[in-house]
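See structure below.
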Amino acid sequence: MSKTLPAVDAVIVGGGWTGSIVGKELAAHGARAVVLERGQPRWPSPDFQAPAVHDELKYTRRHALHQDTAVETFTFRNRTDQTALPMRRWQFAYPTTHLGGAGNHWSGACYRFDPTDLKLRSHYTQRYGAGIFDADLAAQDWPLNYDELEPFYDRFDYLIGASGFAGNLKGQRQPGGNPFEPWRSRPYPNPPMKVPFASALFGTAAASLGYHPYIRPSALSTRPYVNSEGLPMSACVYCGFCSNFGCEHFAKASPQVCILVGATTPACATCHAPGAPAPQPLPRLEGMPAEYAVKELLDFRRGTRPSPVMGAIAKGLTDGDIASIARYYASQPRAPIGPIGPLPGAGPAATLHALGDNADVSAHPHPAYAPFRRTGLRAACAARARRAVCVPAPPASVPPRAALRARCSRNGRAGCRPAAAGPARAARP
Amino acid sequence: MQPAFKPGRRRLLKVIGATVPATATVLAGAQGPASLPAPAHEVAGNATRDADSVALFFNHEEEITVDAIVARLIPADELGPGAKEAGVTTFLDRQLAGAFGAGANFYRQGPFPAGTPEQGYQLPLTPAECYRLGLAALDRACRAQYGGRPFAQLAAGTQDAVLAGLEAGSFALDALPGAVFFQMLLDGTIEGFFADPVYGGNRDMAGWKLVGFPGAMASFANDIERHNVPYARAPVSIATAPPHAMSMTVPPDRPVTFLAAADETICRSPASNDAGAVR
């Protein structure tokens with residue numbers, strides 16, 4: 001049965017690198033875009049988590065992230081006098097399926113085209129004569145050259161957190177880099193990968209013979225990095241499962257890590273805009289522990305925290321969506337929230353909700369806040385005590401905010417924990 | 001033309017393109033030859049399966065034949081157990097009973113002309129059909145040629161000759177091209193010997209210990225720049241690897257679900273702007 005969906009400005013077929021980038025750019029310019037993806041949604045968490053993802057049979061031999069040859073494959077032959085036959089299982093060339101496309105299973109080798117690649121016909125004709133091309137060979141030059149493309153290469157490098165050592169900065173050769181690299185306007189955003197033993201031996205041998213070994217540019221972030229979309233990447237841990245595998249560490253660049261979250265969270269940011277001036281009308285999420293957003297969204301989705309608005313939204317989210325959204329908000333700088341007065345026309349519950357769980361209500365005159373005036377953060381925990389998540393009341397001698405900050409630290413474990421025993425238990429209904 | 005098949009580990013490692021790191025010998029040495037089971041191929045003919053093994057796909061005769069085949073493709077030797085001891089027959093049994101055996105991810109539409117070797121497998125048979133036909137045909141051919149004895153009851157040298165004949169295409173198997181069936185047996189044996197033990201083969205990570213592969217390790221961040229140092233840790237499988245080595249605190253009133261694990265994963269990822277990242 002057909003179903004008519006609202007009209008949009010653009011429909012993009014395929015949710016890989018290209019579709020994701022084009023979709024994001026369209027959305028950023030005010031167009032409504034829909035990306036159609038034939039595969040399944042796949043996110044670094046939970047779909048690519050170790051150790052299950054470190055499975056060579058599933059991903060390398062059985063092609064779990066590749067196009068299903070039972071449905072569609074292509075034919076090939078090595079010479080024109082042969083009959084092309086279908087590749088019944090992949091033997092080489094791995095077209096892909098699932099959200100993220102080849103960005104999931106690529107190895108992250110990250111070279112730019114050489115300037116000569118873009119003027120193939122004229123370059124080789126100039127160098128070897130017109131006879132180098134057979135009459136029926138359709139090779140031609142691109143309609144643009146490397147210098148015109150460089151700003152976009154540069155932008156892509158800073159989108160994916162490319163790692164490497166520039167061999168040619170604005171035309172100046174850099175010792176230690178690739179001596180044949182085309183010019184770059186900026187260094188790589190991240191330092192090059194660490195070198196394992198075998199590569200070090202090879203590099204040493206090559207250098208001793210007068211060659212110029214260099215560390216291959218990579219789309220694996222080598223340190224914690226915030227990309228040009230404001231999205232976080234983590235440092236590669238050298239697990240060794242790159243080609244054919246999804247990256248569980250948010251280190252290998254993929255559309256999910258580098259762009260899709262930024263393209264989809266504007267839906268959240270309609271109400272929960274990171275960095276918006278306080279007070280916002282709805283809870284602030286930026287800088288909150290990822291666990292907080294995961295828990296709230298799961299509660300909304302399960303219905304254990306009823307909400308007509310968020311419940312409906314959360315029911316449409318997959319686990320991967322939730323993980324990505326939570327990770328995105330956790331990565332954003334936490335906005336300073338000063339003492340907050342009463343919001344016009346809002347009662348205590350509405351005010352607390354509006355200010356968010358990290359609100360400091362110490363200046364709020366409403367008597368309902370009296371227990372929380374010194375413990376802004378604790379207000380959130382207390383408000384949610386009925387949902388069995390709370391912290392024990394700190395001893396009177398400990399400054400409440402400091403104690404709570406220690407507990408709710410982003411770098412620590414859960415912001416709010418059930419009390420093992422004591423006052424917090426007693427506080428529950 | 002490929003050279004005729006000769007079994008042996010050196011040949012196997014060449015086939016899979018593995019480079020044996022120096023650490024492989026360290027691991028194998030640490031394991032010690034004394035702990036190895038005796039080479040089992042001489043008893044292959046009357047082999048009995050583990051009492052608790054349950055075949056999903058193979059019938060009893062097929063199990064015996066497959067045991068004998070994989071024991072020649074990767075024999076047990078002084079370096080450790082072979083494919084049979086590592087449970088490759090169990091691996092194949094499970095694979096053939098499941099989606100792989102039924103032809104999952106396998107383009108099965110005709111026509112089916114014979115292709116070049118480079119064009120790969122071009123038969124209409126699923127792997128399960130291929131094994132069922134091929135194993136029966138192999139035993140039938142052996143009985144006809146070797147005085148009524150099936151493959152498993154032949155001497156090791158004769159078995160090698162049969163397998164070499166299969167690979168070279170000179171040992172006929174009714175309608176099934178012997179070389180194609182041989183390649184399927186060899187691929188399956190290699191997969192079973194080196195795939196994660198969760199699939200039933202590579203028992204006790206015998207394949208990984210042989211080549212020094214560390215398995216499903218989560219991270220080598222601390223090891224990658226330690227050059228020329230033997231890697232002495234035992235391998236880990238998917239089923240035995242700790243989910244990174246992080247503790248997980250779950251409130252007692254909250255069910256432990258994979259989502260809880262997802263929480264854990266997310267929260268472990270360092271927030272990059274806390275660590276001096278550049279923007």
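The values are calculated or read from the model by the stated rules, or taken from the named source; none is laboratory data. Everything quoted here is computed from the prediction, not taken from an experiment. Note that each Cβ is placed from the backbone with ideal geometry, even for glycine, and that neighbours are counted across all protein chains shown. We work out accessible area using only protein heavy atoms, side chains counted, and drop any ligands, DNA or RNA first. Shrake-Rupley method; radii C 1.70, N 1.55, O 1.52, S 1.80 Å.
Quick notes on this one:
- Checking each residue in segment B:108-121 for being buried (at least 17 other Cβ atoms within 10 Å of the Cβ) and over 23 Å from the mean Cα position of the chain (by Cα) picks out B:Gly115, B:Gln119.
- Top-ranked residue of segment A:54-75 - restricted to ones that are within 17 Å of B:Pro124 (Cα to Cα) and of a type in the set (A, V, I, L, M, F, W, C), ranked as nearest to the other protein chains (Cβ to nearest Cβ): A:Ala70
- Scanning segment B:209-220 for residues that are at pLDDT 90 or above and either at the interface with another protein chain (Cβ under 8 Å from one of its Cβ atoms) or touching a Leu at 6+ places or on another chain (Cβ under 8 Å) (or both) gives B:Lys209, B:Leu210, B:Val211, B:Gly212, B:Gly215, B:Ala216, B:Phe220.
To keep it simple, each residue is scored yes or no on (1) assigned to a loop (DSSP other than H, G, I, E, B); (2) more than 22 Å from B:Phe220 (Cα to Cα); (3) in contact with a His (Cβ under 6 Å, 6 or more places away or on another chain); (4) within 10 Å of another protein chain (Cβ to nearest Cβ).
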position: A:Ala198; (1), (2), (3), (4): no, no, no, yes
position: A:Phe202; (1), (2), (3), (4): no, no, no, no
position: A:Ala207; (1), (2), (3), (4): no, yes, no, no
position: A:Pro213; (1), (2), (3), (4): yes, yes, no, no
position: A:Arg216; (1), (2), (3), (4): yes, no, no, no
position: A:Glu229; (1), (2), (3), (4): yes, yes, no, no
position: A:Ala235; (1), (2), (3), (4): yes, no, no, yes
position: A:Ser243; (1), (2), (3), (4): yes, no, no, no
position: A:Glu248; (1), (2), (3), (4): yes, no, no, yes
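- Tally of residues being open to solvent by 40 Å² or more (accessible area, probe 1.4 Å) and assigned to a loop (DSSP other than H, G, I, E, B) across segment B:122-133: 1
- Filtered residue count, segment B:96-131, keeping only those that are within 24 Å of B:Glu62 (Cβ to Cβ) and either more than 9 Å from every other protein chain (Cβ to nearest Cβ) or touching a Cys at 6+ places or on another chain (Cβ under 8 Å) (or both): 14
- Note on segment A:141-154: residues that are loosely packed, with under 14 Cβ neighbours inside 10 Å and not in a loop (DSSP other than H, G, I, E, B) total 4.
- Residues satisfying the stated conditions in segment B:161-189, i.e. at pLDDT 95 or above and open to solvent by less than 30 Å² (accessible area, probe 1.4 Å): B:Val162, B:Leu163, B:Ala164, B:Gly165, B:Leu166, B:Phe181, B:Phe182, B:Met184, B:Leu185, B:Leu186, B:Gly188, B:Thr189
- Any hit, segment A:76-95, residues being out of contact with any helix residue (DSSP H, G or I) (no Cβ under 9 Å at 6 or more places or on another chain), more than 14 Å from chain B (Cβ to nearest Cβ) and part of a loop (DSSP other than H, G, I, E, B): no
- Identity of the residue in segment A:287-302, among the hydrophobic types (A, V, I, L, M, F, W, C) and part of a helix (DSSP H, G or I), that ends up farthest from A:Gln332 (Cα to Cα): A:Phe300
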